[in-house]
Each structure stands twice: as structure tokens, then as C-alpha cells.
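The values are calculated or read from the model by the stated rules, or taken from the named source; none is laboratory data. Worth saying up front: this structure is predicted, and the values here are computed from it rather than measured. Ideal geometry is used to build each Cβ from the backbone, glycine not excepted, and the neighbour counts take in all protein chains shown.
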Amino acid sequence: MILVTGATGTVGRELLGRLPAHRRVRIMARHPAKVTGAPATAQTVAGDYRDPRSLARALEGVRTAFLVTTDVAGDDDDRFLRAARTAEVRRVVKLSAAAVLDERADDLITRWQRAGEDLLRASGLEWTLLRPRAFTSNALAWAPSVRCARTVRALYGTSANACVDPRDVAEAAARVLTEEGHAGRAYTLTGPEALTAVGQTGQLGRLLGVSLRFEELTPNAARAALASRYPAPVVEALLQSAERQRAGAKAGVEDTVAALTGRPAGTFRAWAEDHLAAFAPQG
């Protein structure tokens, strides 16, 4: 049986529809009612990393697990891996991040991801790491200003990022979860090209058939915008990440998506075409 955590997140909800129909799948979610797109044969159970009993129930009979954690201040990876060992899980595939490979990255989020990877490698379980670059879907944060003001606002708009379609990450995860030969491997997943926010704005405008304006945010303005969504330590980590992007740390392109899935990585344009309704300007 395969256990999927993070099923309501960016990659997890895409993964559900990509797992083979004949495989037994269990979905662990804090709020099962929020899970959508699950196969009819999948079992959805309530579970919380901080509830050992619910973890034990979710992991019973599981051989392979897809692990997604999001609490940078918590110990969810440790709690899950201890429960997985007790349940005699064989393999854990962890969603991590490409930044762990950057020696210059020492922000809170990257340190937390590295610690999670270290715990998994030391767990005694078979392990595989998926390290995606930023998701193309992060552009959805621009949707309100595009709809209302035909404007994209971002920090360091001319810095490049080889962002990856989360659907490609989900397809790679499905392959790794259901195939042999991936134990002890770490895969960095990127899109096929490095793009800037200015370039993405131009592509969006052409697809929408409107003229979009790009507005460069100052670091202080970006900090204020992020503070409305994240705790202060996370805000500072994201700003440090943006500085590394400006220095070129996120522009490298890998062919790992093609190697794992048998097809080229999807472009930002292809992702935007499939999500244009979210950006359709008003009026």
C-alpha cells in the first residue's frame, strides 16, 4: 500500500490522479473533507503528525509513503519517520527542495529541509528525495493584481528561476513511488528554461491578449506583502531566497523530469495556458 501525505497541497493533489489504478492507496489528511481528486478506490483517513495514534492507524500495512511536511518550526519529519519504522514501512519518498544543494543557502527554510533529509537518510528506511525548484504555480499569487489592475508586482523581476510545473513533480513522484531502482537517490527537478518574472509577465499578457505592466517591488514592500501571509522568520527566509535568486543561484536547468517521466518538462507557457481563467482581467 502507498500512503500519500500532503494530498491537499500543490504537489499532493496532482499526485492522486497519477498513481496507477491497480495500486492500493491510502491518503492521510488533517481534514479529509478537503481532499479532492482522489481515486475512487483510495482510502482517506484523518491523521496528524502530532497525533501518534492517528499516525499508527494511517501507516498500518503501508509499504511506501510520500512524505510532505510544512511546519518549519516543528518536528513532523521525526514524528513521521519514528512511526514509519514502528509500522515497518519499507520506503519513504520525501518532497524536499532544490535549495538544499546551494552552499550559500543558510536561511531557516533551507536549514529545515536539510535537517529533514538528514533524518530520512539516517532512519534505516529506503529513501528517495525529490528536490523541486520553485513551482510555476507560484505565479497564481499575481492573479488578483492581474485581474484587477493588469499588473504583476514582484521583487527582483529580472532575476531568473528555472521553475517547474508541479504536475511534473507529481508525475515524477508517481514513478518513484511505484517503480524500483530509486532507493538512495536524490532528484533535482526543474523546468526546461530559466525565466524572470518580467518574462513571465510578458507571456501571460500575450496569452491573455492584454498589455500587462510589471511593477518592481522594493525589499521593504516585498517584506510587508509577505508579512500578511507568513510569520516573520519565514518572511526573512523568503527574502534571503530571493537574494540568492538575484545572484543566479536558481537558473540552472536539469533534465531529470524527462529522465523520470519519459517526456520533457512542461514550460511556464503551457502551465499558464491551462490556468488562464485565474488571471482573466476584469472589465
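Could you check the stretch 196-211 and list, in sequence order, the residues that are buried (at least 21 other Cβ atoms within 10 Å of the Cβ) and in contact with a strand residue (DSSP E or B) (Cβ under 6 Å, 6 or more places away or on another chain)?
197, 201
Quick one: which helices (runs of 4 or more DSSP H) lie wholly within the stretch 92-181 and hold at least 2 residues that are closer than 19 Å to residue 246 by Cβ and at pLDDT 95 or above? Quick ask: steps written out before the conclusion?
Working: elements: 108-121, 143-149, 166-178.
In the stretch 92-181, 108-121 are the helices (runs of 4 or more DSSP H) which contain 2 or more residues that are closer than 19 Å to residue 246 by Cβ and at pLDDT 95 or above.
Scan the stretch 117-159 for residues that are more than 18 Å from residue 96 (Cβ to Cβ), buried (at least 19 other Cβ atoms within 10 Å of the Cβ), under 19 Å from the mean Cα position of the chain (by Cα) and among the aliphatic types (A, V, I, L, M) and jot them down.
Result: 139, single match.
Select from the stretch 263-283 the residues that are hydrophobic (A, V, I, L, M, F, W, C), surrounded by 14 or more Cβ atoms within 10 Å (Cβ to Cβ) and part of a loop (DSSP other than H, G, I, E, B) and list them in ascending order.
Kept after step one, since they are hydrophobic (A, V, I, L, M, F, W, C), are these residues of the stretch 263-283: 265, 268, 270-272, 276-280.
Remaining after also requiring surrounded by 14 or more Cβ atoms within 10 Å (Cβ to Cβ): 265, 268, 270-272, 278-279.
265, the sole residue that qualifies.
If residue 237 passes every condition in (1) at pLDDT 95 or above; (2) of a type outside the set (Phe, Trp, Tyr); (3) more than 30 Å from residue 93 (Cα to Cα) but one, which one does it miss?
Failed condition: (3).
Restricting to the stretch 59-115, what's the tally of residues that are over 19 Å from residue 230 (Cβ atoms) and polar (S, T, N, Q)?
Residues meeting the conditions: 3.
For residue 229, work out the one condition from (1) modelled with pLDDT under 95; (2) surrounded by 21 or more Cβ atoms within 10 Å (Cβ to Cβ) it doesn't fulfil.
(2)
Give the residues of the stretch 182-210 that are part of a loop (DSSP other than H, G, I, E, B) and over 19 Å from residue 257 (Cβ atoms), sorted by residue number.
Of everything in the stretch 182-210, those that are part of a loop (DSSP other than H, G, I, E, B) and over 19 Å from residue 257 (Cβ atoms) turn out to be 183, 184, 209, 210.
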